[in-house]
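The structure under discussion appears below in the form of structure tokens.
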Amino acid sequence: MIRYEIFDGKKTYMFPNGELATPEVIKQKFPAVTMFPHVLEINGNVIQAVMELQATRQIMNIDNTLTDDKAVVEMTKKANQPPTPPPPTPEERLAAAAEFQNLMMLPDVEVQ
């Protein structure tokens with residue numbers, strides 16, 4: 001499960017390559033975290049991404065009136081929703097229509 005957290009400079013995580021992601025290392029690799037609020041995309045204890053909060057809100061269409069903490073909760077919900085199934089293709093719709101027509105053409109049979 002993916003979760004989002006606001007970077008607070010207190011927790012230690014791991015990068016995908018196995019390197020420890022201490023707050024100091026994160027600040028060194030991503031200096032903007034000291035200037036703007038950032039969210040960490042985390043899977044288990046692994047940081048998958050470090051993203052600026054406002055940009056992430058816009059990308060994920062999160063309401064700007066929500067507080068940062070509530071926005072992070074919404075981001076986590078959106079990231080963990082199952083994907084919506086694709087709409088049927090034209091071929092699938094034609095096949096279903098043809099199958100329905102064939103069923104409707106069958107004669108009525110009474111079962112005794």
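The values are calculated or read from the model by the stated rules, or taken from the named source; none is laboratory data. Please read all numbers here as calculations on a predicted model, not as lab measurements. Quick reminder, even Gly has a Cβ in these numbers, built from the backbone with ideal geometry, and neighbours come from all protein chains shown.
Mind checking which pairs have a first residue in the stretch 71-90 that is touching a residue at least 40 places away in the same chain (Cβ under 8 Å) and a second that is polar (S, T, N, Q), Cβ under 7 Å, 6 or more apart or different chains?
Met75/Thr56
Yes/no matrix, rows are residues, columns are (1) part of a helix (DSSP H, G or I); (2) modelled with pLDDT of 95 or more; (3) not aliphatic (A, V, I, L, M):
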position	(1), (2), (3)
Leu40	no, yes, no
Pro82	no, no, yes
Glu91	yes, yes, yes
Leu103	yes, no, no
Gln112	no, no, yes
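Exactly one of these conditions fails for Ala95: (1) surrounded by 11 or more Cβ atoms within 10 Å (Cβ to Cβ); (2) part of a loop (DSSP other than H, G, I, E, B). Give me its number.
Condition not satisfied by Ala95: (2).
Report yes if Thr65 is under 23 Å from the mean Cα position of the chain (by Cα), in a loop (DSSP other than H, G, I, E, B) and among the β-branched types (Val, Ile, Thr), otherwise no.
Yes, satisfied.
Sort through Lys27, Lys10 and tell me the only one that's over 21 Å from Ile59 (Cβ atoms), free of Cβ contacts under 8 Å to residues at least 40 places away in the same chain, surrounded by 14 or more Cβ atoms within 10 Å (Cβ to Cβ) and touching a helix residue (DSSP H, G or I) at 6+ places or on another chain (Cβ under 9 Å).
Result: Lys27 is the single residue among Lys27, Lys10 that is over 21 Å from Ile59 (Cβ atoms), free of Cβ contacts under 8 Å to residues at least 40 places away in the same chain, surrounded by 14 or more Cβ atoms within 10 Å (Cβ to Cβ) and touching a helix residue (DSSP H, G or I) at 6+ places or on another chain (Cβ under 9 Å).
Mind counting the residues in the stretch 44-102 that are over 30 Å from Ala32 (Cβ atoms) and of a type outside the set (Lys, Arg)?
Qualifying residue count, the stretch 44-102: 20.
Return the only residue of Asn102, Asn80, Asn61 being at positive phi and exposed (fewer than 11 other Cβ atoms within 10 Å of the Cβ).
Just a single option satisfies the conditions, and that option is Asn61.
Residues Asp63, Asp68: which one is without any contact (Cβ under 8 Å) to a residue 60 or more places away in the chain, of a type in the set (Asp, Glu) and touching a helix residue (DSSP H, G or I) at 6+ places or on another chain (Cβ under 9 Å)?
Just a single option satisfies the conditions, and that option is Asp63.
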